[in-house]
Amino acid sequence: MSKKAIEKEIQKLQRTIDNAPRIWKVRGKRVVPRWDWKYGDWTKLPDGYHILAVMGADVPREWRRDYTALLEKVKDPEYAKDRCHHCAINQAQDLKKELDRRERFWEQNGGEEAREKFYEKCGEPKASEFRREDAMRIVEWRLYNEAAEANNRTCSVLNYFHCPYDQEWRTLIEDGSIAYKLWKHIRWYDYHWNSTTTISPRPSERKWFHLGEPPIIDVGDFEDIMKALEDGRLDKIVEEHEKYMKETNAQISNL
């Protein structure tokens with residue numbers, strides 16, 4: 001065999017090694033390259049982050065546990081980034097960027113006076129709807145920044161294996177996830193209780209709408225929402241939303 005042929009065989013072998021899974025077996029399941037794994041084959045594990053394996057609705061709990069153990073063992077960066085999605089800091093900083101972008105727009109186009117003139121030109125009920133949406137954006141940001149204690153911190157890493165806030169990553173993700181679910185309940189309440197110019201309930205869903213009924217919370221008031229957590233008003237909203245999700249087979253992330 002020539003020297004050139006040997007070099008080609010070595011290169012081929014190196015590619016095979018590079019493409020091979022870093023771990024061969026986890027808890028009795030064979031590990032295969034993620035591009036070779038087929039959804040529904042619960043006898044094998046993809047060796048890296050695979051969106052179907054993470055998002056699939058019928059993934060067996062035991063298989064998902066083993067898959068998670070594998071991703072944590074190899075410190076998969078895509079998996080880490082996915083987990084950081086609900087981090088309180090990550091969500092707060094994204095919302096703050098949007099709030100700042102909107103403020104810059106009005107600062108460059110006439111300031112608060114111009115914004116109020118725009119709303120007045122829109123007329124009611126659209127003006128009230130815009131003001132409520134503005135207030136809700138601030139409430140959502142405060143849920144992550146204050147209630148979930150992002151505390152104006154930022155992060156560009158988005159990999160909890162290398163979190164710049166050390167072991168606080170677990171609390172930041174847990175509290176951020178709680179705030180996220182709370183906000184989904186509030187958004188659902190707003191959609192089903194507050195009048196808008198875009199809502200046209202389908203006959204099959206009219207029972208879930210309470211337009212014109214006395215409000216339970218003020219969706220544009222952060223302090224009122226925090227108070228509602230203590231006095232039980234939010235419990236009524238969560239109970240109604242969970243009943244809705246159960247009867248309609250909806251997921252909380254659908255909003």
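None of the figures in this text is laboratory data; all of them are computed from the coordinates on show. Source: prediction; values computed, not measured. A quick note on method: Cβ atoms are made from the backbone with ideal geometry, for glycine too, and the neighbour counts reach across all protein chains shown.
Relative contact order for the chain using alpha-carbon pairs under 8 Å, separation at least 6, rounded to a whole percent? Please report the intermediate quantities before stating the final value.
Details: 235 pairs, mean separation 40.9, N = 255.
Relative contact order comes out at 16 percent.
Note that the stretch 66-78 has calculated 3J(HN,Hα) couplings of 5, 5, 4, 4, 5, 4, 6, 5, 8, 6, 4, x, 5 Hz, one per residue in order, obtained from phi through the Karplus relation 6.51 cos²θ - 1.76 cosθ + 1.60 (θ = phi - 60°); glycine and proline are x.
Of THR196, THR154, THR43, which is the most mobile in a GNM of the chain whose springs link Cα atoms less than 10 angstrom apart? Maximum among the listed residues: THR43.
Which is the longest run of the chain containing none of the trypsin sites (Lys or Arg not before Pro) found in DSSP loop states (not H, G, I, E, B) with at most 12 other C-beta atoms within 10 Å?
Here the longest run is 76-255.
Just check the stretch 172-255 against the gyration tensor rule for me: Cα atoms, a ≥ b ≥ c as the square roots of the eigenvalues, rounded for a/c under 1.5, and otherwise prolate or oblate depending on whether a/b exceeds b/c. All intermediate terms of the calculation are to be shown ahead of the outcome.
Details: a/c = 1.84, a/b = 1.30, b/c = 1.42.
Because a/c hits 1.5 or more and a/b fails to exceed b/c, the stretch 172-255 counts as oblate.
Report the residue, chosen from VAL74, VAL238, VAL219, that carries the largest GNM mean-square fluctuation when the chain is represented by alpha-carbon nodes joined by springs under 10 Å. Between VAL74, VAL238, VAL219, it is VAL74 that shows the largest mean-square fluctuation.
Once you charge only the Cβ atoms, +1 for Lys and Arg and -1 for Asp and Glu, what is the size of the charge dipole of the stretch 84-254 about its Cα centre, to the nearest 20 debye? Before the final figure, lay out each step's value.
Numbers: 26 positive and 34 negative charges, 134 e Å.
I would put it at about 640 debye.
Evaluating 6.51 cos²θ - 1.76 cosθ + 1.60 at θ = phi - 60° for every residue in the stretch 165-171, the Karplus couplings come out as 9, 6, 6, 6, 3, 5, 5 Hz, glycine and proline recorded as x. Comparing mean-square fluctuations of ILE186, ILE51, ILE217 from a GNM of the chain with C-alpha springs under 10 Å, the top value falls on ILE51.
Can you put HIS162, HIS86 in order, fewest other beta carbons within 10 Å first?
Numbers: HIS162 11, HIS86 20.
With the fewest neighbours first, HIS162, HIS86 line up as HIS162, HIS86.
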